[in-house]
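This report concerns only the one structure given below.
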Amino acid sequence: MSTPRRPAGPRLVATCWTTAGTARPLDVPELASHTPFERIDAVADGGWAGLGFAHDDLDLMNRTTGFAAVARHARDRGLDHVEVELVTDWWLDPSQWRPRWNLLLDAAEAFGSPVVKAGSAFGAPWSDLSSLVEPLRRLAVEAADRGTRVALEPLPFAVVGSVPAAADLVRRVDHSAAGLTVDLWHVVRAGTTLDELATCLDADRVFQVELDDADAQPVGDLFEDTRDRRRYCGEGDLDVEGFVRVLRDLGVDVPWGVEVLSEEHRRAGLEEGLRRARDTALAVLDAAGA
């Protein structure tokens, strides 16, 4: 199969849920309805620079085809950016997170992943994150030893609840392999303004950016809103262009992830969903001068 010619313009990454088909976060298991090879082919044919895989897909991949075969196919199709996720509870007893973390590190090494994504745990955001400094530094050290980095993603319904809080935590960790995932949905739903975002971020600590859109107010609770009601870029009420401009003006230099999570997107076929996700993201990036 031929390697597609990459189109000029912004480098876009289809994050793991954008190609997961009918799978949803917290499904048991969280397995995509498309094979890794189908996802890679659709992303490559659609003009993307890369894609992401989540833990349950990686676990199945490891037990069947193996990481090497999938990584080779991604390279053969011209995709040089593969992200892996997600580790949580990394400050608790190692038995609760170590097996997952080791699998993610193995996958990151096989794919040459620039980043492994970390979350925290659902619950009310903590006001004091001091107890997480050393555990996050440990992840950063181990990631660096395997040739990758760890990106912490704050969620408004998790113990690390906002980008400003996560940015402060990463500064205290003070390791070059510890950084942030900055997702517009999570920024807005945590109540963080774009001015606050510009103030709290250091460009060299932003390892991932994720573009999406949403209604002005959540539909259902926050988890339902993030899982089922996100919108394609420019089709909701969020200031996606303003978000892009903030990151551009800060000097953030990473591919633009596009994370579409919605019932509407899951009903679309893989190729059609990717086409719409890419076209809308590119339109917003163009309008924002990126």
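The values are calculated or read from the model by the stated rules, or taken from the named source; none is laboratory data. As the structure is a prediction and not an experimental result, all values here were calculated from the model. Counting neighbours? That spans all protein chains shown, and the Cβs are built from the backbone with ideal geometry, glycine included.
Would you mind stating whether Pro154 is surrounded by 19 or more Cβ atoms within 10 Å (Cβ to Cβ), modelled with pLDDT of 95 or more and within 27 Å of Ala71 (Cα to Cα)? Considered against the rule, which asks whether it is surrounded by 19 or more Cβ atoms within 10 Å (Cβ to Cβ), modelled with pLDDT of 95 or more and within 27 Å of Ala71 (Cα to Cα), Pro154 comes out as no.
Residues that are in a helix (DSSP H, G or I), in contact (Cβ under 8 Å) with a residue 12 or more places away in the chain and not β-branched (Val, Ile, Thr) within the range 205-231 comprise Arg205, Leu222, Phe223, Asp225, Arg227, Asp228, listed in sequence order. Here Gly234 meets each of (1) under 23 Å from Ala166 (Cβ atoms); (2) in a loop (DSSP other than H, G, I, E, B); (3) under 20 Å from the mean Cα position of the chain (by Cα) with one exception, condition (1).
The sole residue among Ala44, Ala68 that is part of a helix (DSSP H, G or I) and closer than 26 Å to Asp253 by Cα is Ala44. For the range 254-288, the set of residues classified as of a type outside the set (A, V, I, L, M), touching a helix residue (DSSP H, G or I) at 6+ places or on another chain (Cβ under 7 Å) and either surrounded by 20 or more Cβ atoms within 10 Å (Cβ to Cβ) or in a loop (DSSP other than H, G, I, E, B) (or both) consists of Trp256, Glu259, Ser262, His265, Gly273, listed by residue number.
Residue-wise test of (1) touching a Pro at 6+ places or on another chain (Cβ under 9 Å); (2) surrounded by fewer than 18 Cβ atoms within 10 Å (Cβ to Cβ); (3) on the phi > 0 side of the Ramachandran plot.
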| position | (1), (2), (3) |
| --- | --- |
| Gly119 | yes, no, no |
| Leu136 | no, no, no |
| Ala140 | no, no, no |
| Val173 | no, no, no |
| Gly179 | no, no, no |
| Leu194 | no, yes, no |
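When we screen Ala151, Ala108, Ala140 for residues that are free of Cβ contacts under 8 Å to residues at least 60 places away in the same chain, in a strand (DSSP E or B) and small (Gly, Ala, Ser), the only hit is Ala151.
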